[in-house]
Amino acid sequence: QVQLVESGGGLVQAGGSLRLSCAASERTFTRYVMAWFRQAPGKEREFVAVINWSGGSTRYADSVKGRFTISRDNAKNTVYLLMNSLKPEDTAVYYCAADTSVGATPPDYDYWGQGTQVTVSS
């Protein structure tokens, strides 16, 4: 069973940047597709980005395309989300997720971290 621990959230002004990290406990980290989702208060959890096992293929939600970058370091069992040009509407709890196949909806993923809060002030 994969355990995921996010870090790197915080408070940032609009236009600023943050880098989130998600460390996985699984030795066979490369088996897993890794994704980021987010959930704002009163809203459903939504897809942000996904990366395949090698890091060679990525996909983004339209709302973050061109501003966010997902990457992974398989030697460190870690996936990252670099967030640039942050907007107040990016405020949410950000979750990383893992599964053995690619998906863009929460039910597609079996393993979840506890989440990290990102707050963007205007």
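The values are calculated or read from the model by the stated rules, or taken from the named source; none is laboratory data. Here the structure is a predicted model, which means the values were calculated and not measured. With ideal geometry, Cβ positions are generated from the backbone for all residues, glycine too; neighbour counts draw on all protein chains shown. All accessible areas refer to the heavy atoms of the entire protein, side chains included, with ligands and DNA or RNA removed. Shrake-Rupley method; radii C 1.70, N 1.55, O 1.52, S 1.80 Å.
Among the residues examined, GLY42 qualifies as of a type in the set (Gly, Ala, Ser) and open to solvent by 50 Å² or more (accessible area, probe 1.4 Å). Listed conditions (1) at positive phi; (2) in contact (Cβ under 8 Å) with a residue 24 or more places away in the chain are all met by PHE29, apart from (1). Is it the case that ARG19 is of a type outside the set (Ser, Thr, Tyr), in contact with a Gly (Cβ under 8 Å, 6 or more places away or on another chain) and open to solvent by 20 Å² or more (accessible area, probe 1.4 Å)? So ARG19 fits the description; yes. Against the numbered list (1) touching a Ser or Thr at 6+ places or on another chain (Cβ under 8 Å); (2) open to solvent by 60 Å² or more (accessible area, probe 1.4 Å); (3) at pLDDT below 95, GLN13 comes up short only at (3). Considering every residue within segment 38-47, establish whether at least one is closer than 20 Å to THR91 by Cα, in a loop (DSSP other than H, G, I, E, B), touching a residue at least 60 places away in the same chain (Cβ under 8 Å) and out of contact with any Gly (no Cβ under 7 Å at 6 or more places or on another chain). Scanning segment 38-47, I find at least one residue that is closer than 20 Å to THR91 by Cα, in a loop (DSSP other than H, G, I, E, B), touching a residue at least 60 places away in the same chain (Cβ under 8 Å) and out of contact with any Gly (no Cβ under 7 Å at 6 or more places or on another chain), so the answer is yes.
Taken as a whole, the structure leaves TYR60 outside the set of residues that are in contact with a Cys (Cβ under 8 Å, 6 or more places away or on another chain) and not polar (S, T, N, Q). Highlighted here are the strands (runs of 3 or more DSSP E) found entirely within segment 62-122 that include at least 3 residues which are surrounded by 16 or more Cβ atoms within 10 Å (Cβ to Cβ) and in contact (Cβ under 8 Å) with a residue 40 or more places away in the chain: 78-83, 92-99, 116-121.
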